[in-house]
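The next block holds one structure in the form of C-alpha cells; read it before the comments.
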C-alpha cells in the first residue's frame, strides 16, 4: 500500500514541476485546457450548464477519451473513474456487469440513455445490462454522484450514469463510418454506419457485431485443464432521426436493438459445457424540445423491453459436466414518460419543474415456477421542482423536492439542497444534503425468494468537498467526502428450509467514503490524471435476537487508485499509459459440499495498460490497446477468471 501512495505522490509532484516549467504556454493552449476543465454538462440540472456553475459532483468522459479507448468496452472505461466499480468488466465476455457507485448496491445506481431511464423490469435489481451498449456508439458519458432522487426518481440513490449516444456522425447528406478490430481470445468486432443531414432532417443508421471465443469463466482450481471456453456473439442496431420544425422546436426519435448469446459456467470453480444465456434488449424513444423566451419545454418518452433466457439442459454430450439442469425465461418491460420546463423566473432565479410516469412489468418462467405478467406490474407517478440560485460570481445553490405516489407503497417525498461558494476564484467549496427513495423490485416481491411484506428503502445522504482550478487552468483537483444512511435496506437472508432464502429488510446500511481526483494538463499535448477512492460501510440488523453490525460491501475495495498519462507526440500519434490498483476485498461463496456460505478474501492487484492511436489522414486512423501488460493473475469474483494479458487492434474510417 505504501508503494501505491508513493506513486501517487510522485505523480502529483512531477505534475506540479511540469506545470511550473510549462506555465508559459500560449493563450491558445490555455484556452483549449480551459474548455476541457469546464465542459458544458446536461445531467446536473437537465439543461446545458458549465461545471463551474454547479455544486454537484459530476465526471465527464468525452468523445475523445472514448475514441482513444476504442479497443475496450464501456464498462472497462467506467471502471477507471473515481468511486466507480464495474464488477465483471474484466471477466469473460458476456459476464453480467454489476455497477457499484460509491459502494452502493447495484440497485442504487440509475442508468440513463440519452437522459431517460433504461431498466430490466424482471431483474433482481432492475439494473440495465451495460453489455448492450457499444463504446463505438457513445458520444459522451456523464456520471452524477450522490442522491439524485429529486430530479431522477427512484433508484438514483447513489447517483446517475447518463450515456449519451451518437446521433449524427456526419454533416454531409451521406456520411459513412466504420470500424474493424481484432484481438486476443479470438475476439473480433466491427461497426458500419450511415449518417447525415438533409436540410432540417438528420439521421443515423448503425450496426455493430462482436464475437469472441473467450476463456473459461470458472477458475480451474484443480488444474485439470479441461474447462471449456465461454464466448459470446452479439449484434446491435442503432437507428436515430431528428427534425427541426422551427428554430424553436426540435423532435428526435431513436430505436436501439441488442442481442447476444453467451456461454456460462455452472458456478464458481465449476465448469459447465452446455449452459448458456440469450439476452435481447430493445428500446424506442422520442424527445421533443421547444425553446421558450426564457427557457425550454421538454417531453421525453421511451419504452424498453428485455428478455433473458437461461438454458442448462439435461441432455448433454458425453463427458460434459451438468451440475444443475435448469432453465429460466425472464421478460421485462419498462415505460417512462416525462414533461418538464426549465425557465428563468428572474435574472438570478431558475426553475425546473416536471412530472413523470413509470411502469415496470415482468413475466418470469423458470424451473421453479411461473409468474405471469398480469401479477407482476408496478407503476408510480411523480411531480418535482427545483429552484436554482444562479448568475452570481461567487456562489450559487439548488433546492428541490419530489413527490412520488407508488402503486404499492403509497406516497414518498424526497428533497435535495446543494449550495456552493467560491472561497477564492480558484477554490470552490460545495455541499449537499439529500434524501432518496427506492421501491423493491418485482423480483424482490414475487419470485420464489420474494417477500410481499418488504418496505421501500429510504436514505439520507451528506457530502461536501473542495474543487481547485489553477489560474492558468493547468491543474484541477477535487476532494469529496460523503456519508449515506439507508433505512430498511433490502438484503437476501438464508433460511434452513426451502426455498432456503428470502429477501428481507435489515435495519440500516451506513456507508462513507472520500474521493480524491487530480488532473494536470500542462499543454494541449500532455495530460496526467490520478484518483483515489476510500470506502467503508456496515450493515446494522438483528441476528439471533441480538443487534449486530458488520462490514458487508462485498467485492468492493476499501481503497482503489487509478493513474494515467497521455501524450500527443504529433498531430497524428497519440499514446497513453494507465495503472489501476485495487485493494483486497471480500466475497461470498456458496459451498455446495457443506451447504453453507463462506466469506473469501480476494487479493489486491494492479493492472498496467497502454494504448496508441495513429491518424493516417482525416478519414482513417488505426489504434491498438494493450491490457494487463504484466499478465497478472487476479480475481474480481471468487472462483472466476479474469483477463490475462490481452490486446485489441483495429482501423476506423470516417468518410
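Can residue 560 be described as in a strand (DSSP E or B) and buried (at least 18 other Cβ atoms within 10 Å of the Cβ)?
yes
Applying the criterion of being within 30 Å of residue 447 (Cα to Cα) and loosely packed, with under 15 Cβ neighbours inside 10 Å to the residues of the stretch 374-402, the residue that is modelled with the lowest pLDDT is 374.
The one condition from (1) within 19 Å of residue 436 (Cβ to Cβ); (2) free of Cβ contacts under 8 Å to residues at least 40 places away in the same chain that residue 412 does not meet is (2).
Restricting attention to the stretch 177-223, which residues are without any contact (Cβ under 8 Å) to a residue 40 or more places away in the chain, surrounded by fewer than 15 Cβ atoms within 10 Å (Cβ to Cβ) and assigned to a strand (DSSP E or B)? Answer for the stretch 177-223, where residues must be without any contact (Cβ under 8 Å) to a residue 40 or more places away in the chain, surrounded by fewer than 15 Cβ atoms within 10 Å (Cβ to Cβ) and assigned to a strand (DSSP E or B): 198, 205.
Checked against (1) touching a residue at least 24 places away in the same chain (Cβ under 8 Å); (2) part of a strand (DSSP E or B), residue 548 meets all criteria but (1).
Just to confirm my filter: which strands (runs of 3 or more DSSP E) fall fully inside the stretch 60-158 and include at least 2 residues that are in contact with a helix residue (DSSP H, G or I) (Cβ under 7 Å, 6 or more places away or on another chain)?
84-87, 98-101, 138-145
Listed conditions (1) crowded, with 22+ Cβ neighbours inside 10 Å; (2) at pLDDT below 90 are all met by residue 31, apart from (1). When the residues of the stretch 269-283 are filtered to those that are under 12 Å from residue 329 (Cα atoms) and touching a residue at least 60 places away in the same chain (Cβ under 8 Å), the one that is surrounded by the fewest Cβ atoms within 10 Å (Cβ to Cβ) is 277.
Scanning the stretch 438-496 for residues that are in a loop (DSSP other than H, G, I, E, B) and without any contact (Cβ under 8 Å) to a residue 12 or more places away in the chain yields 452, 453, 495, 496.
For the stretch 416-428, state whether one or more residues are under 30 Å from residue 445 (Cβ atoms) and either at pLDDT below 95 or in a strand (DSSP E or B) (or both). Looking through the stretch 416-428, at least one residue is under 30 Å from residue 445 (Cβ atoms) and either at pLDDT below 95 or in a strand (DSSP E or B) (or both).
Do we find a residue being in contact with a helix residue (DSSP H, G or I) (Cβ under 8 Å, 6 or more places away or on another chain) and within 18 Å of residue 229 (Cβ to Cβ) anywhere in the stretch 256-268? Yes, the stretch 256-268 has at least one match. If you check 370, 365 for being assigned to a strand (DSSP E or B) and exposed (fewer than 15 other Cβ atoms within 10 Å of the Cβ), only one passes: 370. In the condition set (1) modelled with pLDDT of 95 or more; (2) farther than 19 Å from residue 86 by Cβ, residue 555 is compliant with all but (2).
For the stretch 251-266, name all the residues that are farther than 26 Å from residue 239 by Cβ and touching a strand residue (DSSP E or B) at 6+ places or on another chain (Cβ under 7 Å). If the condition is that a residue be farther than 26 Å from residue 239 by Cβ and touching a strand residue (DSSP E or B) at 6+ places or on another chain (Cβ under 7 Å), then 263, 264, 265 are the ones that fit. Do we find that residue 112 is over 26 Å from residue 259 (Cβ atoms), surrounded by fewer than 24 Cβ atoms within 10 Å (Cβ to Cβ) and within 15 Å of the chain's Cα centre (by Cα) in this structure? Answer is no for this residue. If you go through the stretch 45-59 and pick out every residue that is in a helix (DSSP H, G or I) and either within 21 Å of residue 218 (Cα to Cα) or in contact with a strand residue (DSSP E or B) (Cβ under 7 Å, 6 or more places away or on another chain) (or both), you end up with 2.
The values are calculated or read from the model by the stated rules, or taken from the named source; none is laboratory data. Quantities reported herein were computed from a predicted structural model and do not represent experimental measurements. In this analysis, Cβ positions are derived from the backbone assuming ideal geometry, glycine residues included, and neighbour counts consider all displayed protein chains.
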